[in-house]
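Taking it in order: structure first as structure tokens, then the write-up.
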Amino acid sequence: MKLYPIQIHEGLDAAHLQRAAQLYYDAFRRQAGPILGINEQAVAFIRRCINPQQALTAIFEDRLAGFVGLQYGDQSFLRLRLSQFVDRFGWLLGRIRFRQAALFEQSVQAGDLRIESIAVDPAVRGQGVGTWLLNAATDFAGRQGFKAIHINVPDTASDLFKLCRRVGFNYVSTQTRNFLKPFNINNYVTLTKIISLSGVPNAPLTAEQ
């Protein structure tokens, strides 16, 4: 079964911020939990860090079905600041948690776009939402004139790796991150999709899976 019609929007509406924060926490619970703490407080913290302009959202029947968080230039989907961690955890622990969160930060070259995060409502997984979102991110990159779009997939996310390959992302490298083992990650796989000089993706968009 596929969900139709799914509407793809640039940006994250204020009405969907809370749900986006919950989806983010649920998708990255194994990494976010040890740093941000228990569910309710962690979700509230994530909500305060979200940059709504750095998202593409999938809307089905006025509900947030999923989103991709984007990083390009000096903007990212999650804006993590030391002051936020100090306010939440105190002077010392806040600094420790901030440094832990910074371990997950990754750079993106000028002229390229990186998918920082992707999350889909568990109730609609397997119904094409992830495909729509990845294709929408590729389309967005083409319209904005980016040269390439990248995504770093942790070794624990085999389904996401397979989905990215199906929609035209190519394997580039595997990065070993031993310092992330306490957060249940050993390696990141980097996948890339080159955007053609005409400003359109180098492969046709599909809506399968």
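Below is a table of values for the structure above.
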quantity: Residue within segment 60-69 that is over 18 Å from W132 (Cβ atoms) and under 14 Å from the mean Cα position of the chain (by Cα) present; calculated: no
quantity: All positions within segment 11-25 that are assigned to a helix (DSSP H, G or I) and either within 22 Å of A141 (Cβ to Cβ) or touching a residue at least 40 places away in the same chain (Cβ under 8 Å) (or both); calculated: H16, R19, A20, L23, Y24
quantity: Members of segment 62-85 that are in a helix (DSSP H, G or I) and touching a residue at least 12 places away in the same chain (Cβ under 8 Å); calculated: L82, Q84, F85
quantity: Subset of segment 29-44 [within 18 Å of A119 (Cα to Cα), surrounded by fewer than 19 Cβ atoms within 10 Å (Cβ to Cβ) and either among the hydrophobic types (A, V, I, L, M, F, W, C) or under 17 Å from the mean Cα position of the chain (by Cα) (or both)]; calculated: R29, R30, G33, A44
quantity: Set L64, L70: member being in contact with a His (Cβ under 8 Å, 6 or more places away or on another chain), of a type outside the set (S, T, N, Q) and at pLDDT 95 or above; calculated: L64
quantity: Counted residues, segment 127-160 - those being under 20 Å from F183 (Cα atoms), touching a residue at least 40 places away in the same chain (Cβ under 8 Å) and among the hydrophobic types (A, V, I, L, M, F, W, C); calculated: 2
quantity: Filter result for the condition that a residue is under 24 Å from Y188 (Cβ atoms) and outside any loop (DSSP other than H, G, I, E, B), over I59, I35, I8; calculated: I35
quantity: Residue that is nearest to Q144 (Cα to Cα) [pool: residues in segment 30-61 that are touching a strand residue (DSSP E or B) at 6+ places or on another chain (Cβ under 8 Å) and without any contact (Cβ under 8 Å) to a residue 40 or more places away in the chain]; calculated: N51
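Residues checked against (1) among the charged types (D, E, K, R); (2) farther than 27 Å from T176 by Cβ:
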| residue | (1), (2) |
| --- | --- |
| L56 | no, yes |
| E61 | yes, yes |
| Q71 | no, no |
| A102 | no, no |
| V120 | no, yes |
| R125 | yes, yes |
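The values are calculated or read from the model by the stated rules, or taken from the named source; none is laboratory data. Please read these numbers as outputs of a predicted model, since none were measured by experiment. Note that each Cβ is placed from the backbone with ideal geometry, even for glycine, and that neighbours are counted across all protein chains shown.
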